[in-house]
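Asks: Sending over a structure as structure tokens; questions will come in a sec.
The values are calculated or read from the model by the stated rules, or taken from the named source; none is laboratory data. The structure displayed is predicted, hence computed values, not measured ones. With ideal geometry, Cβ positions are generated from the backbone for all residues, glycine too; neighbour counts draw on all protein chains shown.
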Amino acid sequence: MDAYVTIEQNRLKYLRLNKKKLRADLYQGLQDAIAAGDNSAAAIGQRIILPSSFTIGPRHMVQNYRDAMAICRWARYLDAFVTFICNPHWLEIKRALLLRQQPQDGPDLVTRMFKIKLKELINDIHKNHILGRTIAGIYVVEFQKRGLSHAHILIFFTKDYKLDTVEDVDRMISAELSNSETNKLAHETVGRCTMRGPCGAMFPNAPCMEEGK
């Protein structure tokens, strides 16, 4: 974490000290200042502009938003919404942990494994067409309250794979447990990762329990 903070500080320092090299004078500084509420002439021209290449900066976020809206305008309504959640019990994570370590002891390991698996999922969706042939996709990575990464993915199918009827939706989406005898791994995974409960006084160790509630 300290190394990450240092990198971000160095990036900000570079942007501040190299405004002329970055051609900051080409930015619409006056318009930006007015939009931000800076009506004082003394403040205009003293601002340090963060380009859209600076991750999580305001221009970076606005550019991503506008790109997403452009995709939606071109591809029209989306067809599928997929949520991909990091699982600290993945075997790849457990195998890489040291003796007596828990997943929370290696956040870098957990994050890298999530990114690798997310990349493979995106490839499966758009290159291997496991859900159908696609024309566009958008995803954003967020973090749960306990720190685990999860991605929300929007998928746009080609005309031939649009979900136009109830039967089309039922073929893609299922809310059933797999057979425990013929597909034991899928049955156990769904039961462990996606089912909520039971909880309450009889199950105080449930993930949703906190201070007995």
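Asks: Condition test on Phe203, is it of a type in the set (Phe, Trp, Tyr) and either under 30 Å from Asn64 (Cα atoms) or touching a Ser or Thr at 6+ places or on another chain (Cβ under 7 Å) (or both)? Steps first, please.
Replies: Values: of a type in the set (Phe, Trp, Tyr): yes; either under 30 Å from Asn64 (Cα atoms) or touching a Ser or Thr at 6+ places or on another chain (Cβ under 7 Å) (or both): no.
So Phe203 fails the test.
Asks: Of the residues in segment 50-68, how many are in a loop (DSSP other than H, G, I, E, B), touching a residue at least 24 places away in the same chain (Cβ under 8 Å) and among the hydrophobic types (A, V, I, L, M, F, W, C)? Full working, then the answer.
Replies: Going through segment 50-68, the residues in a loop (DSSP other than H, G, I, E, B) turn out to be 50-57.
Subsequent filtering for residues that are touching a residue at least 24 places away in the same chain (Cβ under 8 Å) retains 50-51, 54.
Adding the requirement that they be among the hydrophobic types (A, V, I, L, M, F, W, C) leaves 50, 54.
Total satisfying the criteria: 2.
Asks: Just to check your reading of the model, which residue among Ile71, Ile138 is assigned to a strand (DSSP E or B) and in contact (Cβ under 8 Å) with a residue 40 or more places away in the chain? Reasoning before the result, please.
Replies: On the way: Ile71 fails: assigned to a strand (DSSP E or B).
Only one candidate qualifies: Ile138.
Asks: Let me ask you something else. Hey, can you tell me all the residues within segment 181-213 that are among the polar types (S, T, N, Q), part of a loop (DSSP other than H, G, I, E, B) and surrounded by 12 or more Cβ atoms within 10 Å (Cβ to Cβ)? Reasoning before the result, please.
Replies: To start, the set of residues in segment 181-213 that are among the polar types (S, T, N, Q) comprises 182-183, 189, 194, 205.
Applying the additional criterion that residues be part of a loop (DSSP other than H, G, I, E, B) yields 182-183, 194, 205.
The answer is Asn183, and nothing else.
Asks: Looking at segment 96-110, can you tell me whether even one residue there is surrounded by 11 or more Cβ atoms within 10 Å (Cβ to Cβ), in contact with a Cys (Cβ under 8 Å, 6 or more places away or on another chain), modelled with pLDDT of 90 or more and closer than 27 Å to Tyr139 by Cα? Walk me through how you get there before you give the answer.
Replies: Initially, segment 96-110 is screened for residues surrounded by 11 or more Cβ atoms within 10 Å (Cβ to Cβ), giving 96-97, 101, 103-107, 109-110.
Next, only the ones that are in contact with a Cys (Cβ under 8 Å, 6 or more places away or on another chain) stay: 110.
Subset that is modelled with pLDDT of 90 or more: 110.
Restricting the remaining residues to those that are closer than 27 Å to Tyr139 by Cα gives 110.
Yes, segment 96-110 contains at least one residue that is surrounded by 11 or more Cβ atoms within 10 Å (Cβ to Cβ), in contact with a Cys (Cβ under 8 Å, 6 or more places away or on another chain), modelled with pLDDT of 90 or more and closer than 27 Å to Tyr139 by Cα.
Asks: I'm trying to understand the selection: among the residues of segment 101-111, which are in a helix (DSSP H, G or I) and either in contact with a Pro (Cβ under 6 Å, 6 or more places away or on another chain) or within 15 Å of Leu91 (Cβ to Cβ) (or both)? Spell out how you get there, then give the answer.
Replies: Residues of segment 101-111 that are in a helix (DSSP H, G or I), as a first pass: 103-105, 107-111.
Residues satisfying the conditions are Pro103, Leu109, Val110.
Asks: Here are some residues: Asp168, Asp160. Which one is in a helix (DSSP H, G or I) and surrounded by fewer than 11 Cβ atoms within 10 Å (Cβ to Cβ)?
Replies: Numbers: Asp168 fails: surrounded by fewer than 11 Cβ atoms within 10 Å (Cβ to Cβ).
On inspection, the qualifying residue turns out to be Asp160.
Asks: Moving on. Would you call Ile125 assigned to a helix (DSSP H, G or I), in contact (Cβ under 8 Å) with a residue 40 or more places away in the chain, among the hydrophobic types (A, V, I, L, M, F, W, C) and crowded, with 16+ Cβ neighbours inside 10 Å? Working first, answer last.
Replies: Details: assigned to a helix (DSSP H, G or I): yes; in contact (Cβ under 8 Å) with a residue 40 or more places away in the chain: yes; among the hydrophobic types (A, V, I, L, M, F, W, C): yes; crowded, with 16+ Cβ neighbours inside 10 Å: yes.
It is true that Ile125 is assigned to a helix (DSSP H, G or I), in contact (Cβ under 8 Å) with a residue 40 or more places away in the chain, among the hydrophobic types (A, V, I, L, M, F, W, C) and crowded, with 16+ Cβ neighbours inside 10 Å.
Asks: Can you spot a residue in segment 109-122 that is over 21 Å from Leu154 (Cβ atoms) and over 16 Å from the mean Cα position of the chain (by Cα)?
Replies: Of all residues in segment 109-122, those over 21 Å from Leu154 (Cβ atoms) come to 109-113, 116.
When the remaining residues are screened for being over 16 Å from the mean Cα position of the chain (by Cα), the result is 109.
Yes, segment 109-122 contains a residue that is over 21 Å from Leu154 (Cβ atoms) and over 16 Å from the mean Cα position of the chain (by Cα).
Asks: Would you confirm whether or not segment 188-203 contains a residue that is farther than 25 Å from Lys127 by Cα, modelled with pLDDT of 80 or more and among the aromatic types (Phe, Trp, Tyr)?
Replies: Yes, that holds for at least one residue.
Asks: For segment 128-146, which residues satisfy the criterion of being closer than 30 Å to Pro107 by Cα and surrounded by 13 or more Cβ atoms within 10 Å (Cβ to Cβ)?
Replies: Gly137, Ile138, Tyr139, Val141, listed by residue number.
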